[in-house]
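The values are calculated or read from the model by the stated rules, or taken from the named source; none is laboratory data. In this text the structure is predicted, and so the values were computed from the model without any measurement. Here the Cβ is made from the backbone with ideal geometry for all residues, glycine too, and neighbour counts use every protein chain on show. Heavy atoms of the whole protein, side chains included, go into the accessibility calculation; ligands, DNA and RNA do not. Shrake-Rupley method; radii C 1.70, N 1.55, O 1.52, S 1.80 Å.
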Amino acid sequence: DLLTKMATIHAVKLGSGITMSSSYLPATTDSIARALEAKTPSEAISILYRVLQNPSSAPDAVRIKEQAITNLSDLLRQENRAEELKSLLAQLRPFFALIPKAKTAKIVRGIIDDVAKIPGTSDLQISLCKEVVQWTRAEKRTFLRQRVEAKLAGLLMENKEYSEALNLLSGLIKEVRRLDDKLLLVDIDLLESKLHFSLRNLPKAKASLTAARTAANAIYVPPAQQGNIDLQSGILHAEEKDYKTAYSYFFEAFEAFNALEDPRAVFSLKYMLLCKIMVSQADDVAGIISSKAGLQYVGPELDAMKAVADAHAKRSLKLFEIALCDFKAQLEEDPIVHRHLSSLYDTLLEQNLCRLIEPFSRVEIAHIAELIELPVDHVEKKLSQMILDKKFAGTLDQGAGCLVIFDDPKTDAIYPTTLETISNIGKVVDSLYVRSAKIMV
C-alpha cells in the first residue's frame, strides 16, 4: 500500500532518536491533535499518513480522514513537496469511493490548488490535471472533470500552448452550455476571452467577454470573479485606446480585489495608473499612489508607474529609458503594460520633439537629433510623420537638412459660416421640392 510506504519513509526520516511505528493510527481527533502538536512538519506528515492508513469506513473515521487530508495537503504545500501532493491524490482514489462526489471534488480541487501555490510547478500542474481528467472520465465524474479541464486550459494558456488550450475549451464550452451550468460558463467564457486576447484576436476576445457578462447577469457571481471580469474588460478597452472607460473597469476590479485582499489588486491599481499616463494625466499618478488605498500597495509595481509618469510629465525620453531599465520586470515583462509601451514611447517622443522645436522657426534636423540623443534618420522620420498627422504645421527641407516650422494658421470664420449657410439653403430646397411634389400629385 502506497500510503503505508509513505508513512514508513517519513518515520525513518524523522531521526533525532524518535522512533515511530509504520502501523496505522486510529482515525480520531486525538490522532489529529497529535499531528498538530508534532515538533517537526515531517513528524506531523508521518502521523497524518498513518491516520489515512486506517481501514475503518465508519462515518466518524471518514470525517477524521477528511480533516487529515486537508491538514496533510497544507503541510506538504508549506514544505514545497509538490510531487508528494501529486502522489497523495493518486493514493486517495479508493477513499473517494467512500465519500460523496461533492466532497471528492472539493478535496481534489483543493490539492490541485495547493500544488499551484508551490513555485515552479507549472509542468507538474498540467501533468496532474491531465491525470485527474483521465480518472474522472473513467469514473464518470462529469462535474469535477469539467472544472479540472477548465483549470487545465488556463494552465496551458499560461504555458503558451494556445492551440491545445483552445481545442480543449471549444469542446468544453459546448458541453457546459448544454448543461446550462452558468457559474462554470462564466469561468470558461472569461478564459476563452483571455486566450483569444493572447492570440491577438480582439473581436473574438470581446465576444467571449460579452458571453461571460451575459451569463454572469443571470446568477450571483462571487466578488473575485466579478473583479476578473472587470479586469479583462479594462484590458480590452485599453487595447482599443479607450483609456477612460478602461480606467473605470480597472477601478471596479481594484475595489473588488482590495476588499478581498487579493494580490491582483496591485495589478488593477497599476493598470489604473497606466490609463492616467496614457491620457496625459500623469500628474494624478502621485495622488492615487499616496491615497489611503494606494499606500497599502507601495512597492516596485507602483514605483515603476511613478517613474514612467515622471518621465511623461517632464517629456523626457531619457528618464523614460532609465525607468524601462530600472523596472524591466514591472514594465517590459508585464504583457499588458508592454503592449502600450511603444505607444507611450511615441507619445513621449512627440512631446519631446514639440518641446525642442518650440523656440524655432527653422532648425537643423541634426541639431534636434543631438539634443534628443537619437539618430538623425529616426528623428527625421518621426518629424515627417508628425507633420502628416498635423501635430504641428511645418515642412522638411531635406536638401538643406532643416525643419521649417510655420506659424499656427488662423482659422477664417467666414468658411464655417458659409458652409452652414449652404447647408441651410439645401434644407430649404429639399423642403420646397417635397411641397411641389405634393401639389403636382
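If you go through region 324-375 and keep only what is under 30 Å from LEU231 (Cα atoms) and among the β-branched types (Val, Ile, Thr), you end up with ILE336, VAL337, THR347. Considering only region 219-241, state which residues are open to solvent by less than 30 Å² (accessible area, probe 1.4 Å) and either in a loop (DSSP other than H, G, I, E, B) or aromatic (Phe, Trp, Tyr) (or both). Listed by number, the list holds a single entry, VAL221. Candidates in region 154-175 are the residues that are under 17 Å from the mean Cα position of the chain (by Cα) and open to solvent by less than 40 Å² (accessible area, probe 1.4 Å); of these, the one that is nearest to SER198 (Cα to Cα) is MET157. Of all residues in region 151-178, those satisfying the criterion of being part of a helix (DSSP H, G or I) and without any contact (Cβ under 8 Å) to a residue 24 or more places away in the chain are SER163, GLU164, ASN167, LEU168, SER170, GLY171, ILE173, LYS174, ARG177, ARG178. Only a single criterion out of (1) charged (D, E, K, R); (2) closer than 24 Å to LEU353 by Cβ; (3) out of contact with any Asp or Glu (no Cβ under 9 Å at 6 or more places or on another chain) is not satisfied by LYS328, namely (2). Of everything in region 41-92 that is under 29 Å from SER122 (Cα atoms) and outside any helix (DSSP H, G or I), the residue that is least open to solvent (accessible area, probe 1.4 Å) is LEU92.
Scanning region 268-287 for residues that are touching a helix residue (DSSP H, G or I) at 6+ places or on another chain (Cβ under 7 Å) and either under 18 Å from LYS241 (Cβ atoms) or at pLDDT 90 or above (or both) yields a total of 13. Of all the listed residues (THR104, THR136, THR121), the sole one being within 29 Å of GLU66 (Cβ to Cβ) and at pLDDT below 90 is THR121. Checked against (1) without any contact (Cβ under 8 Å) to a residue 40 or more places away in the chain; (2) within 17 Å of LYS382 (Cα to Cα); (3) not in a helix (DSSP H, G or I), PRO359 passes all but condition (2). Residues that are under 48 Å from the mean Cα position of the chain (by Cα) and among the charged types (D, E, K, R) were ranked within region 405-421; the one that is modelled with the highest pLDDT is ASP407.
The set of residues from region 189-206 being closer than 15 Å to HIS237 by Cβ and among the aliphatic types (A, V, I, L, M) comprises LEU202, ALA205. Restricted to helices (runs of 4 or more DSSP H) entirely inside region 263-349, those with at least 3 residues that are in the same structural domain as SER233 (by the TED database) and touching a Leu at 6+ places or on another chain (Cβ under 9 Å) are 265-278, 283-289, 300-313, 317-326.
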